[in-house]
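Please read the structure below before turning to the comments.
The values are calculated or read from the model by the stated rules, or taken from the named source; none is laboratory data. Predicted model, so just to flag it, every value in this text is computed and none were measured. No Cβ is skipped: glycine too gets one built from the backbone with ideal geometry, and neighbour counts run over all protein chains shown. Areas reflect the complete protein model, heavy atoms only, side chains present, ligands, DNA and RNA absent. Shrake-Rupley method; radii C 1.70, N 1.55, O 1.52, S 1.80 Å.
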Amino acid sequence: MHRRKPRERPEIPQAPYGGAVVRRESSRAAAVAPPLHTADAFREVQRSAGNAAVTRMIARSARPTAASERQDEAASPTSAGQTSAPSVDGAHGPDRAVAVQRVTDQAKHVEEVLPREEWYRLQLDPRHHDEARRTHPNNPGELYDHQQSPGFQGSMNAAYEQYLNDPATIGHRVDFRMYEAMHNTVGSQLGNQVEKSGEVGLHTMYPLRADSPTPSVLDEEIGGRPLMVKADPLMRFGIIPRDPLTWSGHFQPHGADGMYTETLYRDTEVEEILDNVFKRFYEKLGAAQAPREKLKAIAWAVRTIHIIHPYEDTNRRLNVHVLLPRLLMAAGFKPVIFKDMDELFQGGRSLEQVADALESGQAMDLLSDSIEATAPQYEPEWHQRGQFGRREEPMPAPPGTSTELIEIPDF
């Protein structure tokens, strides 16, 4: 359910379980006068920026000239139509048409690894399994139907039947058209329509659930655009970036107990962005020789798409609880269940950490009632492990922010 909250000052609500937030904003195109900083402060902010894209934006802001702006734009991969440079997580594959529709002939389907009455183990947040079995022993999967999501189980079962349980199609490649159909099915019985992120004036926000983004996320590019940049150094100079797909920072005006990620792209760009991600994923998967490399390719795809957060809601149930098991089973692996599934793909874990989890999960008993986290330090829920990335000094809110918020569930 959407809730509109008028506020006197722009703030990010600190929901107990880190609900996603969509913030209404005025146009991002308006020029913002950067505050004055000394040369030493400027160099300090540059050093803490996290990646070269942020450093370039700060440099342009500190010494703007019309000629240099035009030169930078003309040389950028996006404006020149060039492909982006290889990221640290893997090189871009060659630009070629995909001739094969099927990923592998060794694909599994969900009922092969988990009985239908146990599908709830993959559909619900693993931290809620005990509550589901205790309150609804005859049908644990209906837990959320009795809370804030009537129609949850029916929608998820429909998605599992169509996209995870058909042996004839489980190995077919995913593109945006299929992904969007999966999204529509996941929300088909919820009674409300969920739009793409990036409608004019709307941007989706969600908690990072980590102290800071992992370095490889800050180095990653999709279609020549940074996947994520750090927001704090940009906000200190009053800069709202144009090219990055997301930015992550402390968006509360008086400091924050955690970092949030906000989308920056337009809804009209979502299809092209995701088709680019899927294309690169299948190139990575096709080049992988060992099972570990295949799992790493799957980790990259799900983490990238989840950071992008293509929709205003239902992103985790779609990406982590439908897309992830589909890609795993299509490649011949089993689905995985960990307590910290809500953190694994947010952008705070490295690809090696995610691949470690997917690899260790292949030996787990999916019917076990004893679900563990991917590592001991992640056993407590993320909001119980202290204050993530708390700042000692207040950060300004993003310029042009209005006073109206829409708060929506994160799952």
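If you check Lys334 against the conditions, is it outside any helix (DSSP H, G or I) and open to solvent by 10 Å² or more (accessible area, probe 1.4 Å)? When the stated conditions are applied, Lys334 passes them.
Scanning region 212-243 for residues that are part of a loop (DSSP other than H, G, I, E, B) and more than 12 Å from Thr261 (Cα to Cα) yields Thr214, Glu220, Gly223, Gly224, Phe237, Gly238, Ile239, Ile240, Pro241, Arg242, Asp243.
Please work out which residue is modelled with the highest pLDDT, limiting yourself to region 172-217 and to residues that are open to solvent by 10 Å² or more (accessible area, probe 1.4 Å), among the aliphatic types (A, V, I, L, M) and farther than 16 Å from Ile273 by Cα. Per the criteria, the residue is Ala181. Restricting Arg134, Arg177 to those that are in a helix (DSSP H, G or I) and within 30 Å of Pro380 (Cβ to Cβ) reduces the list to Arg134. Looking across Arg242, Arg236, one residue alone is farther than 22 Å from Glu199 by Cα and either surrounded by fewer than 24 Cβ atoms within 10 Å (Cβ to Cβ) or modelled with pLDDT under 95 (or both). It is Arg236. For region 260-312, a residue qualifies if it is assigned to a helix (DSSP H, G or I) and hydroxyl-bearing (Ser, Thr, Tyr), and the qualifying residues are Thr268, Tyr282, Thr304. Residue count for region 93-150 satisfying the condition of being modelled with pLDDT of 95 or more, under 30 Å from Ile222 (Cα atoms) and of a type in the set (A, V, I, L, M, F, W, C): 1.
Scanning region 313-331 for residues that are under 18 Å from Ser248 (Cβ atoms) and either open to solvent by 10 Å² or more (accessible area, probe 1.4 Å) or among the hydrophobic types (A, V, I, L, M, F, W, C) (or both) turns up just one, Arg316. Is it the case, given these coordinates, that Arg316 is modelled with pLDDT of 95 or more, closer than 17 Å to Pro207 by Cα and among the charged types (D, E, K, R)? Considered against the rule, which asks whether it is modelled with pLDDT of 95 or more, closer than 17 Å to Pro207 by Cα and among the charged types (D, E, K, R), Arg316 comes out as yes.
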